[in-house]
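The values are calculated or read from the model by the stated rules, or taken from the named source; none is laboratory data. As the structure is a computational prediction, the values presented were derived from the model and not from experiment. Virtual Cβ from ideal backbone geometry, glycine too; neighbours counted across all protein chains shown.
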Amino acid sequence: MNNKKRLIITIDGPAGVGKSTVSKTIAKRLQLKHIDSGAIYRAITYKVLTGQVLGTVQGAIKGNGNNGSTLSEDDIVTIARQVKIEYKTSDRIVLDGDEVTKQIRSQEVTRCVSTVAAYKGVRDVVVNILKRLAADGGVVMEGRDIGSVVLPDADFKFYLDATLQERARRRYEELKRSDKDVELYKIQLEIKHRDKQDSSREIAPLIMDPGAAYIDTSILTLKEVISLIIRKIDFILKIDSMVFFNSSNPFYYMVCFVLKLFYTKYFGLNIQGLENIPATGGVLLVCNHLSHLDPPAVAVSIPRQASYIARSSLFTVKPLFGWLLKRLNSYPINRDGIDRDVFKRVITLLDNGKICLAFPEGTRSKTGQLQPAKPGIGMIISMAKNEGVRFSVIPCRISGSDKAFPPDAKWVKKYPIILNYGKPIDISDLLVKQDRQTYQAIADRIMEHIGEIGV
Ligand code: DC
């Protein structure tokens, strides 16, 4: 896998699906170069239409209803081979020394580009240009055949789709802002025509590469599509950078196996309410915190592998212990419990159907009683739910671990530890606002539920 700077991301899909805005934003966020392959086909089409290369030619293209002289496929391929296209940025295309960024978006070019792009000779020229642009990596390239033909070895491939009606509506809204005379039905017809041409041509038709992630954007907002893509990329990159961290981390299972024997034999670990933990899908486990024995107790008590958020000092005070924690799916969080990077990581994990464990109180209770929760947990839940992530919030009441390993003790002693998992907590009524008070209210509700489980 490339590092982040060298990443290659492809975004394919039909006309009007929003590829450009999505690709541009993703490129900006990840500090990669954005390449709009359609702009190059458009630049060639513009050159053909203006007839500047062949001089006398009027720029008519066979089959597009122009009255001037007709250019053959060979003429058009010759033009494609002769023109000098400089792709400065997606907002600056230079053709034979002249900037044509605006001209290539004209209705005339849009109407003819699919015909030009269907010629093999033209595609060969453009594919070469595109491969050169991506040679050093670090790009988000959008088009129709990027994941399947141009950059088949890309690190991430996405295929965006939406219904014809929705794509026409989006294009209509976009054009209406600059041109008041546009008509929705005409745009829909034009997109339908382009769809047909782009997907029925013989060479490199619009198809979804089997390795691409399919995203139906019909009912998603732009923001949702972007955060979905970023999360998917982030998630894979994070997994990739952690040697042991994947859904079947053998090291994790090995450690849990040994610990479970110890917890069962020595502490007589008693687990209740396990049926409340869904077998699949994202779960945020929220527990009261009494002792250092708590996180392993949770780990060995559930049948699924979990990830953990732990105070950052635990990772640094004893480097070997920090190394071990990382190998056991733990992430450091800043002391105040508000760490947006960790929050995002937790949200990504939940979105990918993982279990995450958090201690809303932040620190161990010194008295054995429940303590007030910090607002951080409310913030994670609120951010995640507002991003449309689906997951359950399951409370867990831990008891006995403070007696088994009191805060000032040097070693553990035999004392029964009980873990009791409660029913999912509903916080849907608290998702309307996103402010500190609401985060605190969510955190408080969680502690109430943990309290109701009883000991
Ligand atoms: O994305 P766009 O509308 O700017 O693309 C213009 C045309 O170029 C589109 O109708 C099909 C063609 N195209 C292509 O055939 N292959 C690509 N990779 C990109 C665009």
- [ ] Hey, can you tell me all the residues within segment 345-374 that are under 19 Å from T438 (Cα atoms) and either surrounded by fewer than 21 Cβ atoms within 10 Å (Cβ to Cβ) or in contact with a Gly (Cβ under 6 Å, 6 or more places away or on another chain) (or both)?
- [x] G362, Q371, P372, K374
TODO: Within segment 174-184, track down each residue that is of a type in the set (D, E, K, R) and away from the ligand (no atom under 16 Å from the Cβ).
DONE: K176, R177, D179, K180, D181, E183
- [ ] Those residues that are at negative phi, more than 13 Å from the ligand (Cβ to nearest atom) and surrounded by fewer than 22 Cβ atoms within 10 Å (Cβ to Cβ), I need them from segment 129-143; list them, please.
- [x] R132, A135, D136
Open item on the list: Return the residues of segment 318-335 that are surrounded by fewer than 16 Cβ atoms within 10 Å (Cβ to Cβ) and closer than 21 Å to K374 by Cβ; say none if nothing qualifies.
Closed with: N334, R335
- [ ] Filter segment 399-451 for residues that are acidic (D, E) and in contact (Cβ under 8 Å) with a residue 60 or more places away in the chain and give the result.
- [x] D402, D444
Open item on the list: Yes or no: segment 399-416 includes at least one residue that is within 27 Å of T280 (Cβ to Cβ) and hydrophobic (A, V, I, L, M, F, W, C).
Closed with: no
Open item on the list: With within 34 Å of the chain's Cα centre (by Cα), farther than 21 Å from A27 by Cβ and among the polar types (S, T, N, Q) as the only criterion, which of Q82, Q103 stands out?
Closed with: Q103
Task: Selected residue (criterion: surrounded by the fewest Cβ atoms within 10 Å (Cβ to Cβ)) from residues of segment 277-291 that are at pLDDT 95 or above and under 24 Å from V389 (Cβ atoms) - done: L285
Task: Residue satisfying all of: in segment 185-208; within 12 Å of the ligand (Cβ to nearest atom) and within 12 Å of L160 (Cα to Cα); modelled with the lowest pLDDT among these - done: I207
TODO: Could you tell me whether any residue of segment 25-33 is farther than 13 Å from V100 by Cα, more than 19 Å from the chain's Cα centre (by Cα) and not in a strand (DSSP E or B)?
DONE: no
Task: Residue in segment 162-174 that is surrounded by fewer than 17 Cβ atoms within 10 Å (Cβ to Cβ) and part of a loop (DSSP other than H, G, I, E, B) present - done: yes
Task: segment 100-128, residues that are within 12 Å of the ligand (Cβ to nearest atom) and charged (D, E, K, R) - done: R105, R111, K120, R123
- [ ] Select the helices (runs of 4 or more DSSP H) contained entirely in segment 292-365, then report the ones holding at least 3 residues which are on the phi < 0 side of the Ramachandran plot, at pLDDT below 85 and over 21 Å from the mean Cα position of the chain (by Cα).
- [x] 313-316
Open item on the list: Please verify whether P395 is modelled with pLDDT of 95 or more, in a loop (DSSP other than H, G, I, E, B), within 23 Å of D426 (Cβ to Cβ) and not hydroxyl-bearing (S, T, Y), treating the condition exactly as stated.
Closed with: no
Task: Criterion: out of contact with any strand residue (DSSP E or B) (no Cβ under 6 Å at 6 or more places or on another chain), at pLDDT below 90 and buried (at least 22 other Cβ atoms within 10 Å of the Cβ) - qualifying residue of G51, G63, G55, G16 - done: G16
TODO: Answer yes if at least one residue in segment 106-116 is more than 13 Å from I44 (Cα to Cα) and either among the aliphatic types (A, V, I, L, M) or loosely packed, with under 13 Cβ neighbours inside 10 Å (or both), and no otherwise.
DONE: yes
Task: Top-ranked residue in segment 3-20 [being more than 12 Å from the ligand (Cβ to nearest atom) and in contact (Cβ under 8 Å) with a residue 40 or more places away in the chain; ranked as farthest from G211 (Cα to Cα)] - done: K5
- [ ] For segment 309-324, indicate whether the set of residues that are under 22 Å from F391 (Cα atoms) and of a type in the set (K, R) is non-empty.
- [x] no
